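Written out below as structure tokens is the structure these notes cover.
No value in this document is a laboratory result; all are computed from the given coordinates. Just so we're clear, the structure is a prediction, and the values are computed from it rather than from any experiment. Using ideal geometry, Cβ is built from the backbone for each residue, glycine included, and neighbour counts are taken over all protein chains shown.
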Amino acid sequence: MTPQLSSLAGHRRRVHRNAHQPAPYRDHVTNFNIRYGAEVADARRGGRPIVALESTIVSHGLPRPDNLRVAREIEQAVRATGAVPATIGMVEGALVVGLDDAQLTRLASTDGVAKLSVRDLAVAAATGADGATTVAATSTVAAAAGIGVFATGGLGGVHREAAQTFDESADLTALARTPIAVVCAGVKSILDVGATLERLETLGVTVVGYRTRRFPGFFISDSGFELDWALETPEQIAAMLAARAEQGVQPGGVIVANPLPLDEQLDPELHDRTLADGLALMAGNGVTGKAVTPFLLSHFHASTSGASLAVNVRIILRNATLAGQIAVASAARNG
Ligand code: PSU
Ligand code: MN
């Protein structure tokens, strides 16, 4: 049996095991054991632009019940540009590209959804777990599915105290080897932004500002760090992505840093105060590892009476729109 046939046989077994699932769900089992949602499968067949979206922001980054509403709004923001949203996650051990509304609801509303980085995907699959994919895992799966553009809020990065804790998000190393453009508002201000930018340089990840040479700081428009490059339009970004593919020399990804307009950022004073409290609380509670990001985000949302949540949502929606425009511009070049 050729490797291809044996992997097809594997897919058939998998379909059988999940025979209780509704038919449209089963029909979209394709390469890499990825299941495509109906809308995404259609877009793939028609060669239409697709934007990947992550599920960790839904299950771990945003509080219930807003998270589900926001997850749907993000998808709508992508659709409004003419692109098709593909929210990625794991349902009962199956990697899904293009979660349907029931699956999205399940990941947004049930306890015990695992936070999955790349290294967790196989374990979660083998145990039939439900899981939300981080930027690292979402990028990796999206690239495997042939999707070139991904929208999120903020990337993971190098944590403060990383010199002692070694806590650096696998988002960085995943982007070093994964050909995808991630639209984000920089990295969260809870991180060591300067160290994160240094690591991105070392790892060979391209970083461009969208209409700015200031690297954004997620909740705040300007992290205080300068960028080498600013691109001005979705078409220019699409041209850069095309050049990258043509050259074929860069294995990894591209970060498109899209800052909030100044008048939409979180009040910097409130931001600094909340961050200082959150870091102290975190140290006091012994929070470490993959719990750090969700802990600090929920601290922000709880202590700013909703202000940080509103800003977080604005960030994601703006990034979804820009990612959709880039995907549409890329498709127009190819078509
Ligand atoms: N940025 C947000 N909210 C989030 C995250 C990032 O505004 O929930 C998530 C992303 O999924 C990112 C992950 O990949 O946090 C990084 O976690 P860690 O630092 O444990 O790698
Ligand atoms: Mn970490």
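Across segment 195-249, the convex hull enclosing all Cα atoms gives 85 Å³ per residue. Oblate is the label for segment 285-335. Its Cα gyration tensor axes, ordered a ≥ b ≥ c, give a/c of at least 1.5 and b/c at or above a/b.
For Phe225, the amide hydrogen comes within under 5 Å of the amide hydrogens of Phe215, counting only partners 5 or more places away or on other chains and with H modelled in the peptide plane. Remark on Thr87: its backbone amide H falls under 5 Å from those of Leu53, Gly98, Leu99, a criterion applied only to residues 5 or more positions apart or on other chains, H modelled at 1.01 Å from N.
Classify segment 56-120 as rounded, prolate or oblate from the Cα gyration tensor: take a ≥ b ≥ c as the square roots of its eigenvalues, call it rounded if a/c is under 1.5, otherwise prolate when a/b beats b/c and oblate if not. Taking the square roots of the gyration eigenvalues as a ≥ b ≥ c, segment 56-120 is oblate.
The antiparallel fraction among DSSP beta bridges confined to the chain stands at about 35%. On the basis of the beta-carbon distance and an R0 of 30 Å, Arg213 and Ala245 show a calculated FRET efficiency of 0.75.
Extension gain, Arg64 to Ala280: 0.36 nm times the residue separation minus the Cα-Cα distance gives 75.3 nm.
Between Ala144 and Thr110, the simple label model (points 7 Å from Cα in the Cβ direction) yields a spacing of 2.1 nm. In whole percents, the pair-distance distribution calculated for segment 133-271 from its alpha-carbon pairs, binned every 5 Å from zero, is 2, 11, 20, 24, 21, 14, 6, 2, 0, 0. Classification of segment 102-183 by its C-alpha gyration tensor yields an oblate form. The axis ratio a/c (a ≥ b ≥ c) is 1.5 or more, and b/c is at least a/b. Per residue, the convex hull spanned by the alpha carbons of the chain comes to 138 Å³. Length available on full extension from Leu262 to Thr288: 0.36 nm per residue minus the Cα-Cα distance, which gives 6.2 nm.
Take the Cβ atoms of Ala122 and Glu232, set R0 to 30 Å, and the FRET efficiency comes out at 0.15.
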